[in-house]
Each structure stands twice: as structure tokens, then as C-alpha cells.
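S.K.: I have a structure here, written as C-alpha cells, and I will follow up with some questions on it.
The values are calculated or read from the model by the stated rules, or taken from the named source; none is laboratory data. The structure displayed is predicted, hence computed values, not measured ones. Cβ sites come from the backbone with ideal geometry, for glycine too, and all protein chains shown count toward neighbours. Note: areas computed on protein heavy atoms with side chains; ligands, DNA, RNA excluded. Shrake-Rupley method; radii C 1.70, N 1.55, O 1.52, S 1.80 Å.
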Amino acid sequence: RKRSVALVSLFIGTGKILINNRYFNTYLQYNPKFIYLLKSPLLLLNVEQDYDIIIKVVGGGLNSQSEAIRLSISKALNSLFAEDKKKLLRINGFLSTNSSIKERKKYGLKKARKAPQFSKR
């Protein structure tokens, strides 16, 4: 999503999740929305205690980083499982990206759409 890029490594383990060498709770500042976004593909497939996950993420804010992590985890799980579980990920929208990007600045304007103040006289 936006400018965030996440690289995920899945290992068979006990369910530990590290983001940029920090535990996911501290990295995501104990925010329940971000934690749920990160864990949602694992909860959907009921494998949250089966894999250790090591994540490297750069760019964007915490919201876009957690969405990029969710997409990367979903793609990693998609390559591991059979068709029925792949279908679950696809139906719930975990394999689609958010194509939001910053709109480019246009000439004559201050930002993408902000125009200079208009004066009649």
C-alpha cells in the first residue's frame, strides 16, 4: 500500500513475529487495529501458532506498513497451501493491493490541486 514495502520470511515454529528485529507488539505500538491487520491472514487460516515470521518493512507510516505486511504474509501463505485455502485468502481480499499513491504536482499550482490565492484587483 502506498510507499511501504514488506519482505516476509516464514519458518515452522511457535508463532513468534519480529518486525525489523523488534517484537510486533512494540513495533506497532500496541495498536489493536494494526495488530489485527497483521494477524488476520494467520487467523483466517488458523495457523497463527504454526509459523515464526521475520519481517523487514520500509517506507510509509504504520498503517500502510501493516497493510503491506498483511499482503506479504498472505502471498507467502498462498504459496504454501492448497487451493481451498488459497480461495479463502482471495475471497477475503488479502491478495489484492491498495494502489493509492501520491498525486503529482502540476505546474502553476502549489501542490497537486492547491492553487495560489486568486485576486481580482
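S.K.: Give the distance, in whole Å, between the Cα centre of the stretch 90-118 and the Cα centre of the stretch 1-46.
M.R.: 27
S.K.: Can you list, largest first and rounded to whole Å, the semi-axes you get for the chain by taking the square root of 5 times each eigenvalue of its Cα gyration tensor? Display every interim value, and only then the final one.
M.R.: Working: eigenvalues 271, 57, 25 Å².
Three semi-axes, in Å: 37, 17, 11.
S.K.: Any chance you could list the semi-axes, whole Å, largest first, of the equivalent ellipsoid that the Cα gyration tensor gives for the stretch 45-99, using √(5λ)?
M.R.: Values: eigenvalues 85, 43, 13 Å².
The answer is 21, 15, 8 Å, longest axis first.
S.K.: Say each of Asn20 and Glu83 gets a label point 7 Å from the Cα, pointing the same way as Cα to Cβ; how far apart are those two points in nm?
M.R.: Taking the two extended label points, one gets 4.1 nm.
S.K.: Listed here are the pairs Lys56/Lys114; Lys2/Lys86; Lys16/Lys86; Lys39/Lys114; which of them are more than 29 Å apart at the Cα?
M.R.: On the way: Lys56/Lys114 36 Å; Lys2/Lys86 25 Å; Lys16/Lys86 23 Å; Lys39/Lys114 39 Å.
With Cα atoms farther than 29 Å apart: Lys56/Lys114; Lys39/Lys114.
S.K.: What share of the DSSP beta bridges in the chain is antiparallel, in percent to the nearest 5? List each step's numbers first, then the result.
M.R.: Numbers: 10 of 13 bridges.
So the antiparallel bridges in the chain amount to around 75 percent.
S.K.: Heavy atoms only, probe 1.4 Å: what % of the accessible area of the stretch 5-92 goes to carbon and sulfur, would you let me know? All intermediate terms of the calculation are to be shown ahead of the outcome.
M.R.: Values: 2780 of 5010 Å².
Roughly 56 percent of what the probe reaches on the stretch 5-92 is carbon or sulfur.
S.K.: A follow-up question, please. So what's the angle, to the nearest 10 degrees on a 0 to 90 scale, between helix 32-45 and the longest Cα principal axis of the chain?
M.R.: 40
S.K.: Under a straight-distance cross-link criterion of Cα-Cα below 12 Å, which aspartates and glutamates are reachable from Lys33, leaving out those fewer than 8 residues away in the same chain?
M.R.: Reachable aspartates and glutamates: Glu67.
S.K.: Something else about it: If you count only protein heavy atoms with a 1.4 Å probe, what accessible area per residue comes out for the chain, rounded to a whole Å²? Please list the in-between numbers first.
M.R.: Details: 8370 Å² over 121 residues.
Dividing the accessible area of the chain by its residue count gives 69 Å².
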